[in-house]
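The values are calculated or read from the model by the stated rules, or taken from the named source; none is laboratory data. Not measured: the values here are computed from a predicted model. Neighbour counts run over all protein chains shown; Cβ positions are idealised from the backbone, glycine included.
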C-alpha cells in the first residue's frame, strides 16, 4: 500500500539536467559540483547525477555524506560546503575530500584531526564577495592563505566564492572577474598553485551561458538548476532544463462546503502569523493530510487544475477546490510542484516517503491524461533558494 505524503522523484529527469549542465560547463572548461544539500545527498539522486556525468557532490552537512561513503559509487568526490562546527571537525577527514574553511582556528583543529588519521585534508578558502555570509575579506585573503598554508594536516587547494544566498547578490562579469583576479594575486603573493577557483550557485549559470564568466574560474557549484531547473535568485526558469523532477503527493481527508471567512474574532494562526483571509462566500474545501511538519506550504504549487491553497497549519492543509477540474473526495491524492524550500523541508521530514521512478514525467503524464494538470503554475520561481 502506498504511503502518503510522499515525494515522487523522476531520476531520468535529474540525469537529463545533469547531462546538460555538465556538457555546458565542459564546453567552457569548468568542473561541476552538484549541490545536493536540498535533498540530503540522497543516494538515488546522487547516482542519477553520476549517470549524467557529474561525479563531484557538495553538501553543507557532513552527516549527509555518511551513506555515500558506505555505498559503492566508484569515483565520487565529496565537498563540504560549510565550515564544520567544532564538534564535527573530527569527522571531516574520515568522510569528505575537500572542505570550505574561513577561520584559522577551525583549520588548525581540522589539521590535527587529519594528522590523527594519518592524512591531509584539502581545503578551499572562502572569499567574502559581498553576499555577507561566510568568507574572508579580500583585504585579508593573502595573509589568511599564507597562514593556512603553514598549518600541518591541511593543504589549501583553492578559493571559493558564494553568491545569492543571504542578500540575493547576483554574480556579474565584473565581480567574477574580480574573484579570478584575486586568485591570481594570491597565487603570485603566496607562491601556491591554488588550482581550484570555485563559484556558486545556480545563479552563475547565466554568465556561463552567455560566455561572461571569468576564464580564471575553474568550477561551478549548482543545486537548484539540477534539481528544479530554475534559478530563484534571478527569478529565472532555465528553458533548456526540466522542472518536473519532483512531485509532492498528499491525501485528502475531508471535503465539505464551508464559508471561506472565519466565524468570530481573529488572532494569529498556528504559525504565529496574521492570516489574510478574503471572504469569497461558501466554497468547496478539501482538507489534506499535509502541513508545516511535512513541507513548506508557502512554496507549493498545486498541479491539479483549479486547485488553490487556502491555508495550512502544522498537520493540515486546506485547499479551495470549488473550480477544480476533478471532483475531489476523501481518499483522493493531490499533487504539487515544489519550490526549493518545499523540496528541502519535504526531504528532511521523517513523515514524507520517497518514491523513485525511471519513467520520464510519470506523474505529469498521468495528470495530463486525466485532464487535471495546471499549466499556469509550472514556471514560478518565487520563494526558496539553494542557500
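Examine region 227-240 for a residue that is closer than 30 Å to residue 170 by Cα, surrounded by fewer than 20 Cβ atoms within 10 Å (Cβ to Cβ) and in contact with a strand residue (DSSP E or B) (Cβ under 9 Å, 6 or more places away or on another chain), and state whether such a residue exists. Within region 227-240, one or more residues are closer than 30 Å to residue 170 by Cα, surrounded by fewer than 20 Cβ atoms within 10 Å (Cβ to Cβ) and in contact with a strand residue (DSSP E or B) (Cβ under 9 Å, 6 or more places away or on another chain). Within region 339-363, the set of residues being modelled with pLDDT under 65 and crowded, with 20+ Cβ neighbours inside 10 Å comprises 363 only.
Is one or more of the residues making up region 19-33 under 30 Å from residue 334 (Cα atoms) and either at pLDDT 95 or above or part of a helix (DSSP H, G or I) (or both)? No, there is no match, as no residue in region 19-33 is under 30 Å from residue 334 (Cα atoms) and either at pLDDT 95 or above or part of a helix (DSSP H, G or I) (or both). Within the set 219, 189, the sole residue that is under 21 Å from residue 37 (Cα atoms), surrounded by fewer than 24 Cβ atoms within 10 Å (Cβ to Cβ), assigned by TED's automatic domain parsing to the domain that holds residue 17 and modelled with pLDDT of 95 or more turns out to be 219. Can you spot a residue in region 148-158 that is in contact with a helix residue (DSSP H, G or I) (Cβ under 6 Å, 6 or more places away or on another chain), in a strand (DSSP E or B), modelled with pLDDT of 95 or more and assigned by TED's automatic domain parsing to the domain that holds residue 57? Within region 148-158, one or more residues are in contact with a helix residue (DSSP H, G or I) (Cβ under 6 Å, 6 or more places away or on another chain), in a strand (DSSP E or B), modelled with pLDDT of 95 or more and assigned by TED's automatic domain parsing to the domain that holds residue 57.
Against the numbered list (1) within 21 Å of residue 340 (Cβ to Cβ); (2) in contact with a helix residue (DSSP H, G or I) (Cβ under 9 Å, 6 or more places away or on another chain); (3) buried (at least 20 other Cβ atoms within 10 Å of the Cβ), residue 43 comes up short only at (3). Checking each residue in region 237-250 for being touching a residue at least 60 places away in the same chain (Cβ under 8 Å) and out of contact with any helix residue (DSSP H, G or I) (no Cβ under 7 Å at 6 or more places or on another chain) picks out 237, 249, 250.
Is it fair to say residue 194 is out of contact with any helix residue (DSSP H, G or I) (no Cβ under 9 Å at 6 or more places or on another chain) and in a loop (DSSP other than H, G, I, E, B)? No; evaluated as a whole, the condition is false for this residue. Being in contact with a strand residue (DSSP E or B) (Cβ under 9 Å, 6 or more places away or on another chain), more than 23 Å from residue 37 (Cα to Cα), in a helix (DSSP H, G or I) and assigned by TED's automatic domain parsing to the domain that holds residue 36 is a condition met by at least one residue of region 167-176. Scan region 110-122 and give yes if some residue there is in contact with a strand residue (DSSP E or B) (Cβ under 8 Å, 6 or more places away or on another chain), in the same structural domain as residue 232 (by TED's automatic domain parsing) and closer than 25 Å to residue 202 by Cα, otherwise no. Among the residues of region 110-122, at least one is in contact with a strand residue (DSSP E or B) (Cβ under 8 Å, 6 or more places away or on another chain), in the same structural domain as residue 232 (by TED's automatic domain parsing) and closer than 25 Å to residue 202 by Cα, which makes the answer yes. Among residues of region 251-270 being touching a strand residue (DSSP E or B) at 6+ places or on another chain (Cβ under 8 Å) and touching a residue at least 40 places away in the same chain (Cβ under 8 Å), the one that is surrounded by the most Cβ atoms within 10 Å (Cβ to Cβ) is 252. Only helices (runs of 4 or more DSSP H) whose full extent lies in region 44-143 are considered here, and the ones with at least 1 residues that are farther than 30 Å from residue 15 by Cβ and either without any contact (Cβ under 8 Å) to a residue 12 or more places away in the chain or within 21 Å of the chain's Cα centre (by Cα) (or both) are 104-117.
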